[in-house]
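What follows is a set of notes on a single structure, which appears directly below.
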Amino acid sequence: MLKVGLTGNIASGKSSVARLWQQLGATVIDADLLARQAVEPGTPALEAITQEWGSRMRDEQGALDRAALREIVFRDPDARERLEQIVHPAVRALRDAEYRDAEERGERIVVADIPLLFEAGLVGEFDVVVLVDAPEAVREERLVRDRGLEREEARRMIAAQMPSELKRARANLVIENRGTRDELEARAREAWQALLERADG
């Protein structure tokens, strides 16, 4: 079973590639979904977050207040690192369970969609790492136009992530997304075909 790590900085188009690959038959493990499951009420990770930053991290229903947490971690690198130390092991355990299930089903390729793959030091977990990338100015514009963020907040979110140049140097395959949706889809299909050939090789 070929393990593929799919990553990309915010507003790069990574999620669009993941959706297309899923339509083409890929088993996609969504790290964001696992991260939400890892901090559901009653989980050790949510308890640890509450101990670290207090009860303001929970909403009225006792669930994680994501906006409050985001406000802390995007402004404070130390807080972001501490959050990753809490959440990443819980997410890894959930991801390992997904791998086992896929292997039992006889899947040829499993794609793990992980925004912070490089930051979390997960490169060694995969046979192939695929990066979806777009210029910083393009990503900033997408955040403002498509997600309704203020430009300053968009810039702060982009600056909080590892620069694309460092990721490009470490990825096995880069899918460029500086043009239209159709162009991205064509490149994503080419990349998927290459992965199928490698899985069968």
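The values are calculated or read from the model by the stated rules, or taken from the named source; none is laboratory data. Bear in mind that the values here come from a model prediction, so they are computed numbers and not experimental data. Don't worry about glycine lacking a Cβ; one is built from the backbone with ideal geometry, like all the others, and counts go over all protein chains shown.
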* Provide a single number: the residues in the range 128-138 that are surrounded by 15 or more Cβ atoms within 10 Å (Cβ to Cβ) and assigned to a loop (DSSP other than H, G, I, E, B). => 1
* Structure fact -> Expected output for the range 60-79 (first residue acidic (Asp, Glu), partner surrounded by fewer than 14 Cβ atoms within 10 Å (Cβ to Cβ), Cβ below 9 Å, 6+ apart or cross-chain) is ASP65/ARG56; ASP65/ASP59
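Would you call GLU98 closer than 25 Å to VAL111 by Cβ and of a type in the set (Asp, Glu)?
Working: closer than 25 Å to VAL111 by Cβ: yes; of a type in the set (Asp, Glu): yes.
Yes, satisfied.
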* Of the numbered conditions (1) surrounded by 18 or more Cβ atoms within 10 Å (Cβ to Cβ); (2) more than 30 Å from ALA188 (Cα to Cα); (3) touching a helix residue (DSSP H, G or I) at 6+ places or on another chain (Cβ under 7 Å), ALA79 satisfies every one except a single condition; which is it? -> (1)
* For the range 13-57, which residues satisfy the criterion of being without any contact (Cβ under 8 Å) to a residue 24 or more places away in the chain and either in contact with a helix residue (DSSP H, G or I) (Cβ under 6 Å, 6 or more places away or on another chain) or crowded, with 21+ Cβ neighbours inside 10 Å (or both)? -> LEU46, THR50, ARG56, MET57
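Out of LEU122, LEU131, report the one residue that is within 22 Å of LEU6 (Cβ to Cβ), modelled with pLDDT under 95 and not aromatic (Phe, Trp, Tyr). Walk me through it before giving the result.
Details: LEU131 fails: modelled with pLDDT under 95.
Being within 22 Å of LEU6 (Cβ to Cβ), modelled with pLDDT under 95 and not aromatic (Phe, Trp, Tyr) holds for just one of LEU122, LEU131, which is LEU122.
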* Structure fact -> Cβ pairs under 7 Å, 6+ apart or interchain, first in the range 175-190 and free of Cβ contacts under 8 Å to residues at least 60 places away in the same chain, second of a type in the set (A, V, I, L, M, F, W, C), ordered by first then second residue, are ARG178/ALA134; ARG178/VAL138; ARG187/ILE175
* To do: Report yes if some residue within the range 101-120 is out of contact with any Lys or Arg (no Cβ under 8 Å at 6 or more places or on another chain), loosely packed, with under 13 Cβ neighbours inside 10 Å, of a type in the set (Lys, Arg) and over 26 Å from LEU24 (Cα atoms); otherwise report no.
  => no
* Asked: Could we say that ARG95 is of a type outside the set (A, V, I, L, M, F, W, C), closer than 27 Å to MET157 by Cα, crowded, with 16+ Cβ neighbours inside 10 Å and touching a residue at least 40 places away in the same chain (Cβ under 8 Å) here?
  -> yes
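Each row is one residue, and each column tells you yes or no for (1) under 24 Å from GLU152 (Cβ atoms); (2) at pLDDT below 95.
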residue	(1), (2)
ARG36	no, yes
THR43	no, no
SER55	no, yes
LEU64	no, no
GLU71	yes, yes
PRO89	no, yes
ALA102	no, no
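Just give me the residues in the range 16-48 being outside any loop (DSSP other than H, G, I, E, B), touching a strand residue (DSSP E or B) at 6+ places or on another chain (Cβ under 7 Å) and under 30 Å from SER164 (Cβ atoms), in sequence order.
Here is the first cut: in the range 16-48, the residues outside any loop (DSSP other than H, G, I, E, B) are 16-23, 27-38, 44-48.
Cutting the leftovers down to touching a strand residue (DSSP E or B) at 6+ places or on another chain (Cβ under 7 Å) gives us 17-18, 21-22, 27-31, 46.
Selection gives VAL17, ALA18, TRP21, GLN22, THR27, VAL28, ILE29, ASP30, ALA31.
Mind checking whether some residue in the range 70-87 is more than 17 Å from the chain's Cα centre (by Cα), closer than 24 Å to ALA48 by Cβ, of a type in the set (Asp, Glu) and part of a helix (DSSP H, G or I)? Write out each step before concluding.
Kept after step one, since they are more than 17 Å from the chain's Cα centre (by Cα), are these residues of the range 70-87: 71-72, 75-79, 82.
Then drop every residue that is not closer than 24 Å to ALA48 by Cβ, which leaves 71-72, 75-79, 82.
Retained after the next criterion (residues that are of a type in the set (Asp, Glu)): 71, 76, 78.
With the extra rule that they be part of a helix (DSSP H, G or I), the set shrinks to 71, 78.
The answer is yes; a qualifying residue exists.
Only residues that are of a type in the set (A, V, I, L, M, F, W, C) and either part of a strand (DSSP E or B) or touching a strand residue (DSSP E or B) at 6+ places or on another chain (Cβ under 8 Å) (or both): list them for the range 150-201, please.
Going residue by residue through the range 150-201, those that are of a type in the set (A, V, I, L, M, F, W, C) are 154, 157-160, 162, 166, 169, 171, 173-175, 184, 186, 188, 191-192, 194-196, 199.
Hits for the range 150-201 are ALA171, LEU173, VAL174, ILE175, LEU184, ALA188, ALA191, ALA194, LEU195, LEU196, ALA199.
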